[in-house]
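Reading through the C-alpha cells given below for one structure.
The values are calculated or read from the model by the stated rules, or taken from the named source; none is laboratory data. Just so you know, these numbers come straight off a predicted model, no measurement behind them. Quick reminder, even Gly has a Cβ in these numbers, built from the backbone with ideal geometry, and neighbours come from all protein chains shown. These area figures cover heavy atoms from the full protein model, side chains too; ligands, DNA and RNA do not enter into them. Shrake-Rupley method; radii C 1.70, N 1.55, O 1.52, S 1.80 Å.
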Amino acid sequence: MYLKKLALLLFIGLLFNACTNDKIHLSHGVDESAGGGSTYIISTPTATYYLEKEGGGLSSMIDADGVDWIGFHNEKGSGHKGEYRGFPNAIHRQDGNYFHALNAGTDSSNSIVELNTEKHIRITFTSNNKQWEGQWDFYPDRCDFTMTKISPSYKYWVQYEGVPGGEMDTTDFWYASIDNKKHPITEPFSGDLPSPEWMAFGDENSSFMIYLLHHQDDHHPDNYVQRPDMTVLGFGRQNLEETTKHLTTVQTFSIGFLQSTTYSTIDKAMKGLLE
C-alpha cells in the first residue's frame, strides 16, 4: 500500500510539473540591454519576450540559454548595431512609424492587456493617430503578431531585424520554405516564399533556431538580406527599398524558438502551426 501511495504521489508530482512548466507569465519592467525602455515581459517555457510599451515592438527575445536574438538598443545613430533591430518593425514612413521598439524615429502607441491567463496573453496596441492596430498573442510555444487595422490607402511589411545566436557572424545560417538546403547567412533571398511562408535562422554554436512564419499565403514578394550587424527579413518587402511595401490586409505572423537545427523538424513544426 505504501509503495502504491508513493507511486501515486510521484505521478501527481510529475503531472503537476508538466502542467506548470507550460505556463506563461506577464510582468512589467525595463529592458536594460535595450537602453532602459519600459516593457511588458512575457515569460514562457521557450522564450522571454520584452515588448516595448510605447513603441509596440519586441526589443529583446531571449532563448532558454539566456541569449538575445534581437539585440535592440535605442542609442541614436547606432543603426544596424542597435536602433534598427526589432520585430515586427511594420510601419515605416507609411502614415507614421509604428510597432517598433522605441527609437528616435518611432511614433508612440497606446496598449491594453486584453487577456492574461496561464496559456494565453493578449496585448493590443493602437497607434497614436488611431489608424493602425496590432495584436500580440503569446502562447507557451510562440508569439503571434496580427495587424488588425490598416490605415486606409497605406501598406506595411513585417520584419525580423536581429542577431541569430546573439551576434551576426559566419557561423549563422538560414532555412526557408524555398528548399531543404542550409544557406549561409550572407546569401540573400528575393521572391515570394512558397506556402507555408517561413524562414528560420540559426547559429552553429546554438541548439536553437528562431523562426518566422506568415500564416496567410500570398503572391507578394518577400526579401532577406544580411546587413553588417543584423538580419533583414521582410514579409511583403521588395528590393529592400523603404517605400516598397505590399501588405494591405489583416495578416498574422508567428515568431518563436525551436530546439532543433534540422530542416525537416522546422518544416514539420511550421506546417503544424497552421493545422
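Side notes on the structure shown:
- Relative to the Cα centre, the charge distribution of region 81-172, modelled as +1 at Lys and Arg Cβ and -1 at Asp and Glu Cβ, gives a dipole magnitude of about 360 debye.
- Mean separation of Cα contacts under 8 Å (6+ apart) over length of region 27-115, as relative contact order %: 24 percent
- Extension gain, Lys23 to Leu274, is 88.2 nm, computed as 0.36 nm per intervening residue step minus the present C-alpha separation.
- Placing +1 on each Lys and Arg Cβ and -1 on each Asp and Glu Cβ, with no other charges, gives region 25-274 a dipole about its Cα centre of roughly 520 debye.
- Working from Cα pairs under 8 Å separated by at least six residues, relative contact order for region 80-121 is 24 percent.
- For the set Lys149/Lys245; Lys182/Lys268; Lys53/Lys245, the pairs lying more than 18 angstrom apart at their alpha carbons are Lys53/Lys245.
- GNM result for the chain, Cα springs below 10 Å: residue of Thr186, Thr44, Thr249 fluctuating most strongly: Thr249
- Solvent-accessible area, 1.4 Å probe, carbon plus sulfur percent, for region 25-274: 46 percent
- Taking amide H as placed 1.01 Å from N in the peptide plane, Ile70 has its amide H under 5 Å from the amide H of Met61, Val163, each at least 5 places away in sequence or on another chain.
- Protection proxy ranking for 61-72, 108-119, 89-100, using the average of other Cβ atoms within 10 Å per residue and placing the highest first: 89-100, 61-72, 108-119.
- Dividing the mean sequence gap of close Cα pairs (under 8 Å, 6+ apart) by how many residues the chain holds gives a relative contact order of 15 percent.
- Extent along principal axes [Cα atoms of region 25-274; Å; largest to smallest]: 43, 38, 37
- Unit charges at the beta carbon, dipole of the chain: most positive-side option, Ile123, Phe145, Phe189: Ile123
- Positive-end extreme of charge dipole, the chain - chosen from Gln159, Met61, Leu26 (charges on Cβ): Leu26
- Per residue accessible area in Å² of the chain, where ligands, DNA and RNA are left out and the probe is 1.4 Å: 45 Å²
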